[in-house]
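Structure first, then comments.
The values are calculated or read from the model by the stated rules, or taken from the named source; none is laboratory data. Please read these numbers as outputs of a predicted model, since none were measured by experiment. Cβ placement follows ideal geometry from the backbone for every residue including glycine, while neighbour counts extend to all protein chains displayed.
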Amino acid sequence: MNTALPQNAESPMASGQPHPHESAAAQIAGAATYIDDIPELRGTLYAAPVLSRVAHGHLLGVNTQAALTLTGVHAVLLAADVPGSKVLAALAGDEPVFAQDTVQHVGQVIGLVVAESVMLARRAARLVVPQIEPLPAIVDVRAALKAQSFVLPPVTVRRGDADKALACAPHTLQGTLEVGGQEHFYLEGQVAYALPQEQNQWLIHSSTQHPGEVQHWVAHALGIDNHAVTVQCRRMGGGFGGKETQAGHLAVWAALAAHKLQRPVKLRLDRDDDFLITGKRHPFSYDYRVGFDDSGRLCGLQLKMLAHCGFSADLSGPVADRAIFHADNAYFLQDVEITSYRCKLNTQSHTAFRGFGGPQGMIVTEAILGDIARHLGLDPLAVRQRNLYSDEAKRNTTHYGMTVEGNILQPLISQLALTANYKQRREAIASWNQNSAVIKRGIALTPVKFGISFTATLFNQAGALVHVYLDGSVLVNHGGTEMGQGLHTKVAQLVADELGVLLSSVRGSASDTSKVPNASATAASAGTDLNGRAAQFAARHVRDNLAAFVSGLDGVGAGAVQFAASQVITPKTTRSFKDVVALAYANRIQLWSDGFYRTPKIHYDKTTLSGRPFYYFAYGAACSEVAIDTLTGESRVLKVDILHDVGRSINPAIDIGQIEGGFVQGMGWLTSEELVWNDQGLLTTHAPSTYKIPTAGDVPAHFKVDLWPEPNPEDNVFGSKAVGEPPFMLAISVFEALREAVAQGCGDGKTVRLHAPATAERVLWALQA
Ligand code: MTE
Ligand code: HPA
Ligand code: MOS
């Protein structure tokens, strides 16, 4: 925990304190409501999806007869039942609401069965028979590239002359890397509950990171105005990016069923269906050529990145862009050429997942640096340090033209290396490995530099409402959503401090499109930066109203009125906040307000991907030690030390939780979580029986997280930095430690052929390669 921060929970300031999550107690007691817990309205019906079992084909017709004869089945909806647009309102306009004419992946939704119980709907869905004439399917990313099968055109970013740099480099390496995708495995699966209201209006309960988009999609599919659709979300049981766009599908389907039957309809996906229908983290494949000098300093890099996007664009454009923006991770790439292919395959449409392409950008460069170090017989940490951005002439601009400011990685890495005892442990591991025939160990220390802001500049805006009631209690509403990350807690802390009241007198309310309109997705880790500031501004407006009023009462300047410890203090009097509120109301002073924030300084050219897409960078580093069994390929993460930069922490308990959770989720991506599609395009790992997320037992026995003690040098809320995604990429240290261990097992410092996830099988293959 950050020792630089006061740890006194009794402190009058709410921010900077490790307050528990606003829902923690209710969640533990089972009293926090998720959508499936909302008391159901009389007449509620249940929907289940009808899925394509074919990866690609002509949809000739759908036989619904057998399903419809079951008692209790009310309808089977197909594309013809969509009153508005039959194409989802997704940006690229390339996804049908229900498959029409063609099916494009195993698991694509062809229709919906609506029945009187969940199990009946699911049983009936299996009786619906789509007639599909199969077509050739693309289920391999390299085959997609060969066929020029893309969801969006390729993008190239270059600086200098990579070809020339490679031609005169003292050393070169070339290689490939394969990195798997990742299922979100939110504990609460995708779910929506659609309720008809009067006069063709709709209330949608949606487990979504983006209520505003759900509203827009539902209105588009029903052919009505946005004002006729209200979307609410109190909380999600996890989103991790998987509910940024793809919650919209569920809401649209539930709304269409509710519209057709004029009854409330709930759609909660079975876990296997959730796996088969919804997109995941984009798997990536890479081809590279790299040039470097005797010290391991990079001089030229040519990198091809193949993003496996699935059948539609969804968020693949910005995800693949963010991978380009993070291919440097923390390092200065002098002469570089990166080409990104957004490959179209007959699979689920891959989507946002914590890091949003950042992890896929960074991992290849980290793997390359590890290989360079082993090639030259150097310590990988020394090679990494040698390549870091530095203010030394011309080594502090990114390949997309942004100056790296406030870079703390040199001191941060040195400090972590010291506290984690990196050097001595690396030596101890080397001699231990010499004497251990079967078990080999590896250690790696890798940094993270993650750009904070939505790359689409327009999304970097937020709104909030703060209401002060007559008893002095405060309700705050903003455009962000709660998915477990603690956004509502942090926003309440900020509002409490702005009004000088106790945190216990501030409550956050459910996200609701009828309160704050046009809100961006809660994503890009920017939830608190954006909504926290908007809420702070809203609270400030109310405080200013009260200050002006009290300054009139006391005949002092408004600037002399202070709000602290639930009191309003002027040089003349001290009143309780509650009394001031009551007096102000009696004098017709406005006790609620809105707030609006937009991130300053950001701009970039979408065609060349150059400019300043990010307001600032979040930094961190992790040192991980692993052991592998060279006979079975099994591995364990033994020790992890993290030093991470959250600026001035608004809530160190929540921030450390985000760092721990992000890291373990990253470990899962790189070690045990494996998505296997067979040659027919069927995802064969579509349940927890075959898809393995980390368990409590996988958390390293030594797991130490420290916070970097300096505030954000940019003017960000409370001096904090965003924390949601950056720590995910600290887990690349685990992958690099595994590659070190494999290199030890191979014995001769060869390039390690270990791909991700480093399952036992892959570790074994790498040892035998
Ligand atoms: N933490 C929890 N517990 N559950 C989640 O779903 N999502 C992550 C991260 N942390 C997530 C989480 C992702 S992908 C993002 S972008 C951020 O939280 C979003 O919230 P924030 O912007 O408020 O940090
Ligand atoms: N990050 C996360 N989600 C997003 C982004 C981004 O940069 N752009 C659009 N959705
Ligand atoms: Mo997070 S992947 O930006 O929802």
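Of these, 250, 166, 177, which one is more than 16 Å from ligand 1 (Cβ to nearest atom), closer than 29 Å to residue 323 by Cβ and touching a Lys or Arg at 6+ places or on another chain (Cβ under 8 Å)? Show your work before the answer.
Values: 250 fails: touching a Lys or Arg at 6+ places or on another chain (Cβ under 8 Å); 177 fails: touching a Lys or Arg at 6+ places or on another chain (Cβ under 8 Å).
It is 166.
Please enumerate the residues belonging to region 364-405 that are of a type outside the set (Lys, Arg), under 22 Å from residue 172 (Cβ atoms) and in contact with a Phe, Trp or Tyr (Cβ under 7 Å, 6 or more places away or on another chain). Listed by number, the residues that qualify are 364, 365, 368, 372, 387, 388.
Of all residues in region 506-532, those satisfying the criterion of being more than 13 Å from residue 594 (Cβ to Cβ) and among the charged types (D, E, K, R) are 507, 512, 529.
Annotation note: of 413, 372, 368, the sole residue that is crowded, with 16+ Cβ neighbours inside 10 Å, out of contact with any helix residue (DSSP H, G or I) (no Cβ under 8 Å at 6 or more places or on another chain) and within 30 Å of residue 180 (Cβ to Cβ) is 368. The set of residues in region 249-287 that are hydrophobic (A, V, I, L, M, F, W, C), under 22 Å from the mean Cα position of the chain (by Cα) and under 18 Å from residue 312 (Cα atoms) comprises 250, 275, 276, 277, 284.
Identify, from the list 132, 138, the residue that is assigned to a loop (DSSP other than H, G, I, E, B) and β-branched (Val, Ile, Thr). Spell out the reasoning first.
Details: 132 fails: assigned to a loop (DSSP other than H, G, I, E, B).
Within the list 132, 138, the selection yields 138.
For the structure I just gave you, tell me whether residue 232 is among the polar types (S, T, N, Q) and more than 30 Å from residue 378 (Cβ to Cβ). It is true that residue 232 is among the polar types (S, T, N, Q) and more than 30 Å from residue 378 (Cβ to Cβ).
Name the residue, out of 94, 161, that is touching a strand residue (DSSP E or B) at 6+ places or on another chain (Cβ under 6 Å) and of a type in the set (D, E, K, R).
On the way: 94 fails: touching a strand residue (DSSP E or B) at 6+ places or on another chain (Cβ under 6 Å).
It is 161.
Contact annotation: residue pairs with Cβ atoms under 8 Å, 6 or more positions apart or on different chains, pairing a residue in region 520-534 that is under 15 Å from residue 646 (Cα atoms) and β-branched (Val, Ile, Thr) with a partner that is within 13 Å of ligand 3 (Cβ to nearest atom) and in a helix (DSSP H, G or I), are 528/487. Scanning region 317-336 for residues that are outside any loop (DSSP other than H, G, I, E, B) and either within 14 Å of ligand 1 (Cβ to nearest atom) or of a type in the set (A, V, I, L, M) (or both) turns up 318, 319, 320, 322, 323, 324, 336.
Show me the strands (runs of 3 or more DSSP E) found entirely inside region 374-488 where at least 3 residues are of a type in the set (Lys, Arg) and in contact with an Asp or Glu (Cβ under 9 Å, 6 or more places away or on another chain).
Numbers: elements: 439-452, 461-468, 474-478.
Of the strands (runs of 3 or more DSSP E) lying wholly inside region 374-488, those with at least 3 residues that are of a type in the set (Lys, Arg) and in contact with an Asp or Glu (Cβ under 9 Å, 6 or more places away or on another chain) span 439-452.
Counting just the residues of region 703-757 that are part of a helix (DSSP H, G or I) and of a type in the set (Val, Ile, Thr), which one comes out surrounded by the fewest Cβ atoms within 10 Å (Cβ to Cβ)? Spell out how you get there, then give the answer.
Step one: list which residues in region 703-757 are part of a helix (DSSP H, G or I), which gives 717-719, 726-746.
After this cut, where a residue has to be of a type in the set (Val, Ile, Thr) as well, the list is 717, 732, 734, 742.
Values: 717: 25, 732: 28, 734: 29, 742: 28.
Going through the qualifying residues, I end up with 717.
In region 458-472, is there at least one residue being of a type in the set (Ser, Thr, Tyr) and in contact with a Lys or Arg (Cβ under 9 Å, 6 or more places away or on another chain)? Break it down into steps so the answer makes sense when it comes.
From region 458-472, those of a type in the set (Ser, Thr, Tyr) are 469; that's our starting set.
Now drop any that are not in contact with a Lys or Arg (Cβ under 9 Å, 6 or more places away or on another chain), which leaves none.
No, region 458-472 contains no residue that is of a type in the set (Ser, Thr, Tyr) and in contact with a Lys or Arg (Cβ under 9 Å, 6 or more places away or on another chain).
The listed residues are 324, 338, and the only one of them that is surrounded by fewer than 24 Cβ atoms within 10 Å (Cβ to Cβ), touching a residue at least 40 places away in the same chain (Cβ under 8 Å), within 30 Å of residue 137 (Cα to Cα) and away from ligand 3 (no atom under 16 Å from the Cβ) turns out to be 324. Of note, residue 152 satisfies the criterion of being assigned to a strand (DSSP E or B), closer than 30 Å to residue 399 by Cα and in contact (Cβ under 8 Å) with a residue 40 or more places away in the chain.
Scan region 457-473 and tell me whether some residue there is within 16 Å of ligand 3 (Cβ to nearest atom), over 25 Å from residue 653 (Cα atoms) and touching a Pro at 6+ places or on another chain (Cβ under 7 Å). Scanning region 457-473, I find no residue that is within 16 Å of ligand 3 (Cβ to nearest atom), over 25 Å from residue 653 (Cα atoms) and touching a Pro at 6+ places or on another chain (Cβ under 7 Å), so the answer is no. Consider residue 551 carefully, then state whether it is of a type in the set (Ser, Thr, Tyr) and either within 16 Å of ligand 3 (Cβ to nearest atom) or under 23 Å from residue 20 (Cα atoms) (or both). It is false that residue 551 is of a type in the set (Ser, Thr, Tyr) and either within 16 Å of ligand 3 (Cβ to nearest atom) or under 23 Å from residue 20 (Cα atoms) (or both). Residue 430 meets each of the listed conditions (1) within 16 Å of ligand 3 (Cβ to nearest atom); (2) under 30 Å from residue 373 (Cβ atoms); (3) not aromatic (Phe, Trp, Tyr) apart from (1).
Consider residue 692 carefully, then state whether it is part of a loop (DSSP other than H, G, I, E, B), out of contact with any strand residue (DSSP E or B) (no Cβ under 8 Å at 6 or more places or on another chain) and at pLDDT below 95. Considered against the rule, which asks whether it is part of a loop (DSSP other than H, G, I, E, B), out of contact with any strand residue (DSSP E or B) (no Cβ under 8 Å at 6 or more places or on another chain) and at pLDDT below 95, residue 692 comes out as no. So which of 662, 697 is surrounded by fewer than 23 Cβ atoms within 10 Å (Cβ to Cβ), out of contact with any strand residue (DSSP E or B) (no Cβ under 7 Å at 6 or more places or on another chain) and at pLDDT 95 or above? Answer to the check: 697.
When restricted to residues that are under 13 Å from residue 111 (Cβ atoms) and in a loop (DSSP other than H, G, I, E, B), region 70-92 contains 3. Taking residues in region 202-218 that are in contact (Cβ under 8 Å) with a residue 24 or more places away in the chain and under 12 Å from residue 266 (Cα atoms), and partners anywhere that are of a type in the set (Ser, Thr, Tyr) and buried (at least 24 other Cβ atoms within 10 Å of the Cβ), the pairs with Cβ atoms closer than 7 Å and at least 6 places apart or on different chains are 205/193.
Of the candidates 339, 347, 351, the single residue that is within 16 Å of ligand 1 (Cβ to nearest atom), β-branched (Val, Ile, Thr), out of contact with any Cys (no Cβ under 6 Å at 6 or more places or on another chain) and outside any helix (DSSP H, G or I) is 351.
Per the listing 217, 253, the residue uniquely in contact with a helix residue (DSSP H, G or I) (Cβ under 7 Å, 6 or more places away or on another chain) and aromatic (Phe, Trp, Tyr) is 217.
Can we say residue 192 is buried (at least 19 other Cβ atoms within 10 Å of the Cβ), more than 30 Å from residue 292 (Cβ to Cβ) and either in contact with a His (Cβ under 7 Å, 6 or more places away or on another chain) or of a type in the set (Val, Ile, Thr) (or both)?
Details: buried (at least 19 other Cβ atoms within 10 Å of the Cβ): yes; more than 30 Å from residue 292 (Cβ to Cβ): yes; either in contact with a His (Cβ under 7 Å, 6 or more places away or on another chain) or of a type in the set (Val, Ile, Thr) (or both): yes.
Answer is yes for this residue.
Screening the candidates 721, 704 for the property of being within 16 Å of ligand 3 (Cβ to nearest atom) and of a type in the set (Lys, Arg) yields one hit, 721. Screening region 600-635 for residues that are over 22 Å from the mean Cα position of the chain (by Cα) and among the aliphatic types (A, V, I, L, M) and picking the one that is farthest from residue 317 (Cα to Cα) gives 631.
Filtering 504, 525 for residues that are within 16 Å of ligand 2 (Cβ to nearest atom) and either farther than 20 Å from residue 214 by Cα or buried (at least 24 other Cβ atoms within 10 Å of the Cβ) (or both) leaves a single hit, 525.
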